[in-house]
Every structure is written in C-alpha cells, then in structure tokens.
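Novice: What follows is a single structure, and I will ask about it in a moment.
The values are calculated or read from the model by the stated rules, or taken from the named source; none is laboratory data. Model, not experiment: these values are computed from the prediction. Positions of Cβ are generated from backbone atoms using ideal geometry, with glycine treated the same way; all protein chains shown enter the neighbour counts.
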Amino acid sequence: MLRRTKQKKRGGILEPEGTVEIRFRKKDLLKTMHRIDNVCKDILKQLSSTEISSGQKTQLEKQLQQRELSLLPIYLQVALTFADLHDTPRHMMDKGAIQEIIPWTKSRALLYWRLRRLLLQNRIKADILAVKPSLSDGEVDSMLERWFVEEHGAVNQYLWDDNKTVVDWLTMQLDSTLERSQILENIDCLRRDSALSQIRDLLKTHPDISMDSVIHIIQNMNSQQRTDVINTIRAFDTQMTSSDLPLDSNSELNT
C-alpha cells in the first residue's frame, strides 16, 4: 500500500503536549536551560564557588529561580514545537510511514494515473499468473519492471516511477493492432516454458508413456515438422555414437 499526504497535513499519531509531559518534563527543561543559557550558567558558576557567603548564595538562588521562571514558558513552547515536528509529513516520510508528499492541487491527477496503472498491471499480472502460478506478486512486479527497462534502457529506469509513462507503455503493449508487443511475446515464452516443464515432469514421473507420447506428438505434426524431428534425432544419434567410439592406439598411448 502506498501512502501519500499534502505538505501541511499531520499524521495525528502524536500529541505534542502528552509527548513533552512524558519525555521532556520540567526537570529536563531546567537541565537544558542550565546547559545553554548564559545567565543561568553564570549564576551556577557563582553558586559553585566556596568563597560566597550564605546571603550571596540565597540571593543567587533567587536570581536563578526568577530566570528559570521567565524562561520556562519559552523552553516549553520550543519543546512542544519540536515534538510536533515528529508528526509532520517530512518526518513521516523519513520513517517510511508515507511514500510521497504531494501538493493538494496535483493529488487528483496523481491518483488517476496511479489507479489506471494498477488496473493495467493487475490485468497483465493475472495473465502471467495464469501461465505460471508459482510466481509471487513481488516476482511478477520485478518481471514487469525488468521488461520495461529492457525496452526503455537502463538510463531511463527512473521512468518506472512515473505512472503516466508506465500507463502509456502498458496501453501500447496491450494494443491488439500492434505488430510486436514485448509483454505479449514474453508471456508466450512463459507459456511455452511452462508447457515444456509440465511435459518433462510427466515423462519423469511416468517414463513408460514416453513412446506413446512421441507417437502422439508426431501424428499431430505437419510434414515439415516431422522432417525437422527426424533430422534432429539423426543429428543427436550421430553425436551420441561418436561420443561412444573407443580411443585409437595413439590416443591411448598419449594418455
């Protein structure tokens, strides 16, 4: 499933106030304040001195408390803003929760081309799975992408992410008036390979029907096909005979 959102949308997963209350409490805000605020750092430095009197220490602690109270609302607002950033589209995309940020004005066109692409892809995937049902959905998707790259070239592989380009390509491939369709040719090859695989499995499981199968196949061939089969068998027989010939004396001597 592909998830997209517009620029200013919120995921609605995080509540900034609750997140800050749990993950960045008042004591954490004060620690941050003491670490980065120059006034607080100066007061803390003076308080750490052993040469100050108790009256000076009390006065410094009062100044520190007043400084903390004046800065606390600002630091709290910064913490809330930071927590809220985790619910923005950019952060959701970085985490993989969504795949793309799109302008609202372009969303209708994007969804239109995406839907058309999915409909065409599912139609072709159904034809492929009918021929080779052992393939997974991901394998079929990878197969379609490979066919696309083969036709458009590796340098244009990025176009696979362009829904309109893929729709145009798939529509052209399914055009019955087209003389050559790469997808339909590849599906025919898959169908042929699947049929051959089934025949091999049947003959391996039932070797006793091999001769009957050959006779049946030859009976359904035309004369040219029978001639081709006979020539192939003769060539194969010659090859097997030559491989069974014994080595001559010179070969044995050299060995």
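Novice: Taking the stretch 88-121 as the search range and keeping residues that are assigned to a helix (DSSP H, G or I) and touching a residue at least 60 places away in the same chain (Cβ under 8 Å), which one is farthest from the chain's Cα centre (by Cα)?
Specialist: Of the residues in the stretch 88-121, the ones assigned to a helix (DSSP H, G or I) are 89-94, 104-121.
Checking the rest, the ones that are also touching a residue at least 60 places away in the same chain (Cβ under 8 Å) come to 89, 92, 104, 107, 110, 114.
On the way: 89: 20, 92: 17, 104: 25, 107: 22, 110: 19, 114: 16 Å.
The residue in question is 104.
Novice: Quick check on my filter: what residues within the stretch 195-223 are in contact with a helix residue (DSSP H, G or I) (Cβ under 8 Å, 6 or more places away or on another chain) and modelled with pLDDT of 85 or more?
Specialist: Within the stretch 195-223, just 221 meets the criteria.
Novice: Moving on. Could you list, in sequence order, the residues of the stretch 81-93 that are under 17 Å from residue 32 (Cβ atoms) and surrounded by fewer than 16 Cβ atoms within 10 Å (Cβ to Cβ)?
Specialist: Hits for the stretch 81-93 are 81, 82, 85.
Novice: If you check every pair at least six apart or on different chains, which have Cβ atoms under 7 Å apart with a residue in the stretch 72-87 that is within 29 Å of residue 98 (Cβ to Cβ) and touching a residue at least 24 places away in the same chain (Cβ under 8 Å) first and a residue that is among the small types (Gly, Ala, Ser) and surrounded by 13 or more Cβ atoms within 10 Å (Cβ to Cβ) second?
Specialist: Going by the 7 Å Cβ cut-off, the qualifying pairs are 87/11.
Novice: Let me ask something else about it. Tell me which residues, restricted to the stretch 58-77, are under 52 Å from the mean Cα position of the chain (by Cα) and surrounded by fewer than 14 Cβ atoms within 10 Å (Cβ to Cβ).
Specialist: Across the stretch 58-77, the qualifying residues are 69, 70, 73, 74, 77.
Novice: I've got another one for you. With respect to residue 54, determine if the residue is among the hydroxyl-bearing types (Ser, Thr, Tyr), over 27 Å from residue 23 (Cα atoms) and in contact (Cβ under 8 Å) with a residue 40 or more places away in the chain.
Specialist: no
Novice: What number of residues within the stretch 203-239 are under 47 Å from the mean Cα position of the chain (by Cα) and surrounded by 11 or more Cβ atoms within 10 Å (Cβ to Cβ)?
Specialist: 11
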